[in-house]
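Asker: I'd like to ask some things about the structure below.
Computed from the coordinates by the stated procedures, all read-outs in this text should not be read as laboratory data. Since we're looking at a predicted model, the values are computed, not measured. Cβ coordinates were reconstructed from backbone atoms using ideal geometry, including for glycine residues, and neighbour counts include every protein chain displayed.
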Amino acid sequence: MGPKDIVDISPPEAELDAENVSDTAAPDIELSLEEQLAAKEKEARENWDRFLRERADLENYRKRVGREKEELLNYGNKSLLEEILPIIDNLERALAHASEDGLGAVVEGVRMTHTMLLATLKKFNVTPIEAVGAPFDSAFHQAMAQVPTDQYEPNTVVEEYQKGYMLKDRLLRPSMVTVATPLN
């Protein structure tokens, strides 16, 4: 090995400047890391808040679907039952007219059919509204006429043209009634 083969192991000037720069740049990098950490913490808080909101929305959705399902189970037969009610009306009219004519066997058959149909409706929580003698209530009665009388208190149902029915706690059909008014 000759003098030309000696390798200089001292750092060049450029490398020294780079080391000095990195020492002065370290606070900038640390600040940048702190800023990045703060940004990530903020993002994590936002994601957590978004998660909590989405979870609350999901819980509200579950509750709403549960209520709608219960509503469907409780009142899903409403349209079917509304179609059956006119049949009951016709049976009641047939009973009223047939008993006047004295057709015993026909009357008994219609009465049995009427009773069976009412029992079936009761199984599905359909109940008639008792109107005659009750105070008039526009939520359950539809006034078809008024009659002045002293036999009943004013605003009392005196006659029922068509029965009203309830499905559980809901009005299926109002009673069509005549309401008493005071004599003048």
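Asker: Would you grab the residues whose amide H sits under 5 Å from the one on residue 162? Only those 5+ places off in sequence or on another chain, please, with H modelled 1.01 Å from N.
Answerer: 176
Asker: Got a sec to turn the phi values of region 153-162 into Karplus ³J(HN,Hα) couplings, 6.51 cos²θ - 1.76 cosθ + 1.60 with θ = phi - 60°, whole Hz, x for Gly and Pro?
Answerer: Taking θ as phi minus 60°, the curve returns 5, x, 6, 10, 6, 10, 8, 10, 7, 8 Hz for region 153-162.
Asker: Over all directions, average the projected area of the Cα convex hull of region 143-184 and note it in nm². Provide the component values of the computation, followed by the final result.
Answerer: Values: hull surface 12.5 nm².
Over all viewing directions, region 143-184 projects a mean Cα-hull area of 3.1 nm².
Asker: Kindly identify region 100-184 as rounded, prolate or oblate by the Cα gyration tensor criterion: order the square roots of the eigenvalues as a ≥ b ≥ c, call it rounded if a/c is under 1.5, otherwise compare a/b with b/c, prolate if a/b is larger, else oblate.
Answerer: Working: a/c = 3.52, a/b = 1.45, b/c = 2.42.
Here region 100-184 falls in the oblate category.
Asker: Using packing as a proxy for protection, rank 146-152, 46-52 so that the peptide with the highest average count of other Cβ atoms within 10 Å comes first. Write down the numbers at each step before the final one.
Answerer: Values: 146-152: 12.3, 46-52: 10.0.
Going from most to least packed, we get 146-152, 46-52.
Asker: Taking amide H positions as placed in the peptide plane 1.01 Å from N, state which residues far from residue 134 in sequence (5 or more) or on other chains have amide H under 5 Å from it.
Answerer: For residue 134, the qualifying residues are 157.
Asker: Using the Karplus equation 6.51 cos²θ - 1.76 cosθ + 1.60 (θ = phi - 60°), what ³J(HN,Hα) coupling, rounded to whole Hz, does each residue of region 48-59 give in order, writing x for Gly and Pro?
Answerer: Whole-Hz 3J(HN,Hα) from phi for region 48-59: 5, 4, 4, 4, 4, 5, 5, 5, 5, 4, 5, 5.
Asker: Shifting gears a bit: Would you grab the residues whose amide H sits under 5 Å from the one on residue 141? Only those 5+ places off in sequence or on another chain, please, with H modelled 1.01 Å from N.
Answerer: Amide H neighbours of residue 141, under 5 Å, 5+ apart: 175.
Asker: To the nearest Å, what is the center-to-center distance of region 54-68 and region 112-171, using C-alpha atoms only?
Answerer: 38 Å
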